[in-house]
Amino acid sequence: MVRDLVAWHKQNPDQWQATWQLCKEKYRENPEYQKCSNGGIDVKINGACVLLGLLYGQGDMDQTIIISMRAGYDSDCNPSSAAGVLATAMGFQNLPKKFTEQLSQETVFSFTAYNFPQLLAVCEKLTRDAITRAGGSVEVDADGNEVFVIPVKQPEPPAYVASWEPGPVAESRYTEEEMKSIQFQPEEKK
């Protein structure tokens, strides 16, 4: 899908709709590709809509969101994903003010115990843990900045499972300890 989108973008550098049409033809209308009888959600069409916004949005947050949303299908998640990728690439300090000036750092996200700084701290801890578990390290460079050293490993893809022929769910039972930690707390009415 990524190779297709990059090639189609080169063919149609100023016409996202033409590339979108090619995506639709290949990933939704081609019976050799679309095996789901109901056309179900598919990672390739959603990924194509995200990448469509990123390629044709050309680094402009508004255009990236608009194009990913107008591409359709999962049109709430896809523009959010495209915006998240672009925002990460740009860095928080480079985002247009309209995306940051009303952002509350202290509001706790619904159904979680985290506000924004707490969430970032957990994500950073998980990232550091994942890097060290994979054999990497966190080092300090000559300027005193931390540098993540991430080992390069050959990916090992799991066995292919077609979405229209799913197998049994593996390891789908919670342990007694996990069950004790699952608690539902309804959101307070405001």
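Residue count for the range 114-144, restricted to those that are of a type in the set (A, V, I, L, M, F, W, C), part of a loop (DSSP other than H, G, I, E, B) and surrounded by 10 or more Cβ atoms within 10 Å (Cβ to Cβ): 1. Against the conditions (1) touching a helix residue (DSSP H, G or I) at 6+ places or on another chain (Cβ under 9 Å); (2) assigned to a loop (DSSP other than H, G, I, E, B), Phe148 satisfies every one except (2).
Could you grab me the full set of residues in the range 72-98 that are open to solvent by less than 50 Å² (accessible area, probe 1.4 Å), in contact (Cβ under 8 Å) with a residue 12 or more places away in the chain, assigned to a helix (DSSP H, G or I) and within 19 Å of Ala48 (Cβ to Cβ)? Listed by number, the residues that qualify are Asn78, Pro79, Ala82, Ala83, Leu86. Residue pairs, Cβ under 8 Å, 6 or more apart or interchain, first in the range 129-154 and without any contact (Cβ under 8 Å) to a residue 12 or more places away in the chain and among the polar types (S, T, N, Q), second open to solvent by less than 100 Å² (accessible area, probe 1.4 Å) and not in a loop (DSSP other than H, G, I, E, B). List them. Pairs that qualify, where the first residue is without any contact (Cβ under 8 Å) to a residue 12 or more places away in the chain and among the polar types (S, T, N, Q) and the partner is open to solvent by less than 100 Å² (accessible area, probe 1.4 Å) and not in a loop (DSSP other than H, G, I, E, B), are Thr132/Val138.
Of the candidates Phe99, Phe92, the single residue that is of a type outside the set (Gly, Ala, Ser), over 26 Å from Ile45 (Cβ atoms) and at pLDDT 90 or above is Phe99.
Just one of the listed residues (Ser104, Ser137, Ser110) is under 25 Å from Ile182 (Cβ atoms) and small (Gly, Ala, Ser), namely Ser110.
The values are calculated or read from the model by the stated rules, or taken from the named source; none is laboratory data. As the structure is a computational prediction, the values presented were derived from the model and not from experiment. A quick note on method: Cβ atoms are made from the backbone with ideal geometry, for glycine too, and the neighbour counts reach across all protein chains shown. Ligands, DNA and RNA are excluded from the accessible area calculation, which covers all protein heavy atoms including side chains. Shrake-Rupley method; radii C 1.70, N 1.55, O 1.52, S 1.80 Å.
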